[in-house]
1. On average, how much area does the Cα convex hull of the protein assembly as shown cover when viewed from any direction, in nm²?
2. On alpha-carbon atoms, Rg over Rh for the stretch B:86-152 using Kirkwood Rh?
3. Sort A:174-187, A:42-55 for me by packing, meaning the mean count of neighbouring Cβ atoms within 10 Å per residue, highest on top.
4. Carbon-plus-sulfur fraction of the accessible area of the stretch C:210-252, 1.4 Å probe, in percent?
5. Report, as an integer, the average count of C-beta atoms from other chains found within 10 Å of each Cβ along D:261-270.
6. What shape does the stretch D:104-258 have by the C-alpha gyration tensor, where a ≥ b ≥ c are the square roots of the eigenvalues, rounded means a/c under 1.5, and otherwise prolate means a/b greater than b/c and oblate the rest?
7. In Å, the Kirkwood hydrodynamic radius of the stretch C:55-121 over pairs of distinct alpha carbons?
8. Once you charge only the Cβ atoms, +1 for Lys and Arg and -1 for Asp and Glu, what is the size of the charge dipole of chain B about its Cα centre, to the nearest 20 debye?
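The values are calculated or read from the model by the stated rules, or taken from the named source; none is laboratory data. As the structure is a prediction and not an experimental result, all values here were calculated from the model. Cβ placement follows ideal geometry from the backbone for every residue including glycine, while neighbour counts extend to all protein chains displayed. Note: areas computed on protein heavy atoms with side chains; ligands, DNA, RNA excluded. Shrake-Rupley method; radii C 1.70, N 1.55, O 1.52, S 1.80 Å.
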Amino acid sequence: MDYVIEMLNIRKEFPGIVANDNITLQLKKGEIHALLGENGAGKSTLMNVLFGLYQPEQGEIRVKGQKVNITNPNIANDLGIGMVHQHFMLVDTFTVTENIILGREPKSGATVDIKKAEKDIRDISERYGLKVDPNAKISEISVGMQQRVEILKTLYRGAEILIFDEPTAVLTPQEIKELIQIMKTLIKEGKSIILITHKLKEIMEVCDNVTVIRKGKGIGTVKVTETDPNHLASLMVGREVTFKTEKKEATPSDNVLEVRDLNVKDQRNVPVVKDLNLEVKAGEILGIAGVDGNGQSELIEAITGLHKVDSGSIKLNGKEIANMKPRKIYESGVGHIPQDRHKHGLVLDFPIGENMVLQTYYQKPYSNKGVLSYKNIYNQARKLIAEFDVRTPSEFTLARALSGGNQQKAIIGREVDRDPDLLIAAQPTRGLDVGAIEFIHKRLIEQRDNGKAVLLLSFELDEIMNVSDRIAVIYEGAIVAVVNPKETTEQELGLLMAGSRRKETGGESHV
Amino acid sequence: ACGTSEDKEGASSGDGKKEDQFTVAMVTDVGGVDDKSFNQSAWEGLKAFGKENDLEKGKDGFDYLQSQSDADYATNLNKLARQDFDLVYGIGFLMEGAITEIAQQQKDSHFAIVDAVVDQPNVASIMFKEQEASFLAGVTAGLATKTNKIGFIGGMEIPVIERFHAGFIAGVKAVNPDAEIVADYAGAFDKAELGQTIASKMYTQDVDVIFHAAGGTGNGLFKEARDLKEKDPSRELWAIGVDSDQSAEGKVGDHNIILTSALKRVDNAVVDLSTKAKEGNFPGGEQILYGLKEDGVGLAELNDELSNKDEVMKKVDEWKEKITSGDVKVPESIKDAEAFSAN
Amino acid sequence: MSNRLTNILIPVISVLLGIIVGTIIMLVSGYDPIAGYAALWNGIFGEIYYVGETIRQVTPYILAGLAVAFAFRTGLFNIGVEGQLIVGWLAAVWVGVAFDDLPKLIHLPLAIIAAALAGALWGFIPGLLKAKFRVHEVIVTIMMNYIALHVTNAIIRDVITDRKDRTDMIADTASLKSPFFESLTDYSRLHWGIFIALACVFIMWFLLEKTTRGYELRSVGFNQHASQYAGMNVNGNIILSMVISGAFAGLAGAMEGLGTFGYASIKGGFTGVGFDGIAVALLGGNAAIGVVFAALLFGGLKVGALNMPLDAGIPNELVDIIIALIIFFVASGYMIRYLIQRFSKKGVK
Amino acid sequence: MGFIDILTILIPSTLLWATPLIFTALGGAFSERSGVVNIGLEGLMVIGAFSSIVFNLAFADTFGAATPWVALLVAMVMGGLLAILHAVASITFRADQVVSGVAINLLAVGLTLFLVKRIYGKGQTDIISEGFGKVDVPLLHRIPVIGDIFFSNTYWPPFVAILVSFIVWFIMFKTPFGLRLRSVGEHPMAADTMGINVTKMRYIGVIISGAFAGVGGGVYAQAISSDFSHATISGQGFMALAALIFGKWHPLGAMGAALFFGFAQSLSIIGSSIPLFENIPSVFLLIAPYVLTILALTGFIGRADAPKALGTPYIKGNR
Ligand SMILES: Nc1ncnc2c1ncn2[C@@H]1O[C@H](COP(=O)(O)OP(=O)(O)OP(=O)(O)O)[C@@H](O)[C@H]1O
Ligand SMILES: Nc1ncnc2c1ncn2[C@@H]1O[C@H](COP(=O)(O)OP(=O)(O)OP(=O)(O)O)[C@@H](O)[C@H]1O
Ligand SMILES: [Mg+2]
Ligand SMILES: [Mg+2]
């Protein structure tokens, strides 16, 4: 047999739930094998079993035909299995080198031989085309770089089989392209890869086989050449999924948001938003396309009052809101789905119900004269949970215990329900499965159709192209072009995002 | 512990199984009965009294309770009164409030307090003329010093310590008006490191005799003096102890750096008062002053290594005589002490 | 087994385990455990007097525990309860001594408020530094403890009195003393303060669980970023939390100053009540009602322990050991929970 | 008093004050860098002080001048042993680490005083006869001025403490062990996926912290208090914790902070003899160390970031 990995009839239970129920996955040498399933289907769990973080209750794992018992990550490493985790396993305060060698440190005498380590890392990174700065601190490098470090970690340990758990969810299109290139190089060098992703396009592009699981059960394995995205999606969800989001023609009217000559500096006092101009009209979705780090976050934080505005004006329905307190801004009609749902979107240790009133708890009917009305809070929570299909054991469950997709749905429900004139959605579908993405896109378009303005920030060109009515391209803190999604291509957008001016539409037009 | 009513009866009528035994107990402050200070001294007094009267340690003889915090004083005093002890001592000024209150409640019990005055008919207040002991210590220091610089380390700035301080100044002045006295308060009775640093500072500044009235903080003084002596046995430096004879703390090889100690004979006072009470002469409501004359304070043996020991001893005896006879009144406040002159 | 039952069982089992280990220690050290526990029991329940003293001791424990718990619930660790208590004590006594012609209806509340304000001020400083300069509140509160100790000593000696070691007794109009309770408990020092402590228990519960302010405080405690995102004033809530915590601690001081003692004296060291408050809060799971039970246990054992040396000849430190062990066992609730589950599963089979 | 005179008093006493804090704070660094809060340092110091004194009293005749050093080893072992309790509770049983630390403090005080009463029949021990004495550091004390200020009339333990600080720095930042220890405190799950035994590393961190705090207590008892009672260790553990945070969880930072505390503390005592400070009421000198610390933190030290995973038990497969 030429299988390098065989996971046969794996069963893994968590208290109260069967995460993996009789799943089989076989990986051939030199192939990229996709693992596909909805959020919470059990993909990460299965891979964690393979990597030795969890012990299966049942089933058998074979590596190169040999039955093995992987009781901890060390054994997995020794067997040549490396994993790039969904949530990066990097120590922020360490350097790239320190992260890579951790646990396998080259020594000279009693000390870590940093020189040798750096050399080794340079060698590997050259061989596989993974450029990194070995001396940089993790906290100072981009997410794409961090991922390279994760890959280097596995290669440094001599991994032959690499597991990538949703590697592209956090990457910009450019970075995704690079990653795909890297994976191809790895295959050429004789490695085998298991890839988890929700992006069917990627599967079609690089994978050889796909194993689909649904609600913990293995649905089967298909050859990529013998399938198409629609088929895969229906296998995974168990029903038909539409990709091209259906939407009516937009009917934009007055400006809801007007940003004029906005300047924002970051914490180190470096200007990151420079003379930026932008407007969003009622009844339209404006997408902001751009490579991460071009001032998107600061722009949104400035609009929502979380970041100081240096100069310029931000008008909401004609009223100046620049440098107002976040609460005042919300009250004047802004909704905000934040980029980082764990950090900004939720108080993870509050019940999901209490999270539903995070900005409105002090208003009627959730409180009266400073006293909370839990009855009304939880009524509201129940309403939103039902309406937005948030899957949670109860409204009293801590937000922490919900899956990412359901956390996101809860946030969107909360923001949409306040019915803001302007809804800012920053990467609203990051890491979600196609079913959830479809749901969220529908909601955004619904807002638009109700005559509200929507500002969508996303690194996914697909999403931008599909959902937006107009696309503003941001580059180095300024809007460099505004295009109509129907009249542009991903290639063109990509070029704009990389800084090349758009000649035919007149360059920096007013938005 | 038996039922409440029974105990109370015992207390009021004074009969029961302890009928013929006079029982006595004390409450210490947080220091405990081996604080090398007045708690210890008081406990030794109780033990001596017990021995004299064939009493055993325990509920039917003599006993003590140690307090873990200020809040325990009242509970402990009350507990002892409830256990039918015939006389209950509160050791230390800190117990003033607690005794005042409990004496009002337990009108049939007898209490005594050391170092404070409580104006209640069933409380005897034991006060000491600390200044007289420290005066003699001052005389010793004034004569022993070679550098004419003498140090004083106080624990906290409270009246008792101030009396020690005042007497000491006066004593030095009496025999050596030229000597300079430097004084420092550590602000605590249990911070040896503070005592050590202060002593280090003083010794470095050529002070060669230091007297402390600082409880456990004084351990730091002894440590510093021992360390200096150990390093350089030829160096002449002294420390003077307080309350009880602290000479045991001063051994360094064959030397001893404790010059003498200003004694506060709480033990004598306790034996004295207990005996009076046993004989039915409990001086309730009175303030009893123990001074040199009453053997309530004194000076410990002088260190044999002192080169002019005999001369010093003679001077000490002279001044002792003057004080006991009432010729000299030792000042109680630092202000008066500064003005004190030897005639 | 239901979760709620387990939550109640854990402290109960912990206390039992603590007592068992205490027994072993007594046996090993050659003491009679039966006599020891009898003495302890009698020291708490033997006479109505002791019961009164226990409740008296519990009073400041409740407030100190609330102070720690309140800060904890809002993400802050207030080790400064001791210092806040000391300044509260002094402030209460100062007011109690300084005004002697006010009617009780004004004087007593004034003294109590003074204590709360003083404690609040002592909490405000670390709160402000945390909010404005991100200075770790643990260090600042530790430092503030020592500052409180020295400053109050100096004020007592040089400002309120003329170089004396304690203040005069407070005026009757500022006293929490209760002749009624005293006669009821055979002259214990039980005073009205217990009602203030219980009122504060209610206040903490209500404030944290029922009000919008409490919602904000908890939210900031769990996730400052999300709270800021949601439009809350993060810095303001940090400061407020320390101020409220300090006020509880100050009130604990008022209990000592206006109830138990009636004066303030120069202190050579800390009272220990503030530090015990940490244990009380944690034992009580940082919940208002939990603090009450923890304070009862703590206060009872502490007062009862005083009886052990006399009645059984056992050093009262034994009780400190037992308390520490109980805290260990409660903290290790995971282990007990695990054991309970194993046990009940077996029981079913 | 001349400036040099002031320094000759100030520096040795600064060093002496700081030494117990340095050792203990270094211990704290091991524990907290591994992700376990150790508020039990105070109690661990108590155990160290107690065991060193008991040992010293019992074996002074056997070991002679070496007694205090041997006693430090004993204190180290005892501190490490008590710390195991903290480790078991907070690592294995996932107890709240602060709660467990508070319990350690209560337990240490209760247990040692109980034992003192049991062993000696009284509330405090006798004074030891073989403590750490004053020394002139060989050779170095001959250096003009510097020798007088730093190396004369001083004690050995401070120099050991400073040396150990550098060794700890080396271990923590230059060796594989240090790298692993810190990784466990920052991101235990990452460390776990790299094959590092998180539980083991944390146990080691906590036990070492106990050993160091034990030494801190042993130094205090044998170089300063000379006996053991309820008051011997009263707050030094918390000051060491403050030094650790002040020093941003860095061994050399902690050492610097401890020296700063020692300096401020000594200055407050020496102050009354410095002409400039003479007329300042003593209370201002007494609170100076604490006020200075707060000002230093507020003014120029600023925020310190604790190890990220500090205080959170590591549960496999959780996030
Ligand atoms: N640590 C855990 N404890 C309990 N249950 C868990 C745990 N981790 C996962 N589960 C359960 O296992 C199921 C599978 O989770 P898993 O993380 O493998 O999903 P996934 O397929 O990776 O989802 P996603 O696409 O969102 O990454 C979940 O539904 C969850 O209920
Ligand atoms: N510690 C836990 N205890 C119980 N259930 C858990 C735990 N951690 C995760 N889960 C469960 O795991 C499931 C999937 O979680 P998971 O985090 O994989 O979703 P996700 O969409 O991948 O999230 P994210 O977008 O943050 O990666 C959820 O149903 C959640 O209930
Ligand atoms: Mg996953
Ligand atoms: Mg996911």
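1. Taking a quarter of the hull surface, the average projection is 60.8 nm².
2. Over the Cα atoms of the stretch B:86-152, Rg/Rh equals 1.29.
3. Put in order of decreasing packing, that is A:42-55, A:174-187.
4. So the carbon and sulfur contribution to the accessible surface is 50 percent.
5. Per-residue shielding by partner chains comes out at 3.
6. Since a/c reaches 1.5 but b/c is at least a/b, the shape of the stretch D:104-258 is classed as oblate.
7. Evaluated on the stretch C:55-121, it is 12.8 Å.
8. 500
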